[in-house]
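Inspection log for the structure reproduced underneath, given as structure tokens.
The values are calculated or read from the model by the stated rules, or taken from the named source; none is laboratory data. What you are looking at is a predicted structure, and each value in this text was computed from that prediction instead of being measured. Cβ coordinates were reconstructed from backbone atoms using ideal geometry, including for glycine residues, and neighbour counts include every protein chain displayed.
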Amino acid sequence: MKFILLLVPILFASLFGATTIVDRRPKLDVIVLDAGHGGKDAGAVGTNGYYEKQAALGIVLKLGKLIEKEMPGVKVVYTRKDDRFIELYRRGEIANEKHAKLFISVHCNSTPQKPSHATGFTTYMLRPGKTDQAIRVAARENAVISYEAERARYKELTDEDFILTSMARSQDVKYSEKFAALVQKELSKRLTIRDNGVSQAGFLVLVGAAMPNVLIETGFISNPKEEALLKSETGEMNYARGILDAIKKYKVLYERS
Ligand SMILES: [Zn+2]
């Protein structure tokens, strides 16, 4: 008798509980904002001395505040909130530990010769580099591992790695693509600099983040006009607002899936 009494609620729960209580739709509830570089790693340096690490943090802090204010129910996790050095692998690890649903890494582009007229913003996805320019950008960003003590943990990314990763994470790849396109679209509404479109390359910082992820090259810090834009309050706010609008639109897409 005792056994039957125990069985009744279990049967009831299995018949009705799963459909009435558990909501299995995906929720964009945690977003990781990753300000590139930091601490001893300044990133690229502008002709007037502004650092990429400062530009990235400025945009990320403003974006985080906007998300917290305008997107209730979305938790913001920062890989850094101040001027400190964080290893590349650790950034993805933080996102995984916090069960983030989206990882956004913010950077600035630069040219070897400064000053230069190179201009515009690009959103990158993790895939084999298609153009020489994309490969050069990834190489510059990946070179920051020279500041790290245990560089052996990173291996050269082969085409096979990309195929295996994208097969295992095909949904993430699809959503990274959707989000990247939205970032470009929304930023182009708020910025007057060139929209360089979505591109792809092997960024080490994106390898470990097991969720949809992108890396935004916000502008060329080697171009004095874009350095000034990145440095200004209005510029930072326009970048933050553009990315926020992309997140809002992405959330609708993501949660409908
Ligand atoms: Zn960078």
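The table below lists the values:
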read-out	value
Pair list, Cβ under 7 Å, 6 or more apart: the range 131-159 residue under 13 Å from LEU88 (Cβ atoms), other residue among the charged types (D, E, K, R) and part of a loop (DSSP other than H, G, I, E, B)	TYR147/LYS40; GLU148/GLU87
For TYR78: the one exception among (1) under 28 Å from ALA118 (Cα atoms); (2) in contact with a strand residue (DSSP E or B) (Cβ under 8 Å, 6 or more places away or on another chain)	(1)
Filter pass, VAL137 being modelled with pLDDT under 90 and within 16 Å of the ligand (Cβ to nearest atom)	no
Flag if ARG241 is surrounded by fewer than 23 Cβ atoms within 10 Å (Cβ to Cβ), among the basic types (Lys, Arg), farther than 20 Å from ALA44 by Cα and within 20 Å of the chain's Cα centre (by Cα)	yes
Selected residue [over 18 Å from the mean Cα position of the chain (by Cα), closer than 21 Å to TYR51 by Cα, surrounded by 21 or more Cβ atoms within 10 Å (Cβ to Cβ) and within 16 Å of the ligand (Cβ to nearest atom)] from SER146, SER110	SER110
Qualifying positions in the range 153-165 - of a type outside the set (A, V, I, L, M) and surrounded by fewer than 15 Cβ atoms within 10 Å (Cβ to Cβ)	ARG153, LYS155, GLU156, THR158, ASP159, GLU160, ASP161
Members of the range 185-199 found to be touching a strand residue (DSSP E or B) at 6+ places or on another chain (Cβ under 6 Å) and either buried (at least 21 other Cβ atoms within 10 Å of the Cβ) or charged (D, E, K, R) (or both), listed by number	LEU187, SER199
Any helices (runs of 4 or more DSSP H) falling wholly within the range 141-257 and containing at least 3 residues that are small (Gly, Ala, Ser)	170-190, 233-256
Among (1) surrounded by 14 or more Cβ atoms within 10 Å (Cβ to Cβ); (2) within 16 Å of the ligand (Cβ to nearest atom); (3) closer than 19 Å to ASN213 by Cα - the single one ARG127 does not satisfy	(2)
Out of ALA168, ALA180, ALA209, sole residue that is surrounded by fewer than 19 Cβ atoms within 10 Å (Cβ to Cβ) and either closer than 25 Å to ALA95 by Cβ or among the hydrophobic types (A, V, I, L, M, F, W, C) (or both)	ALA168
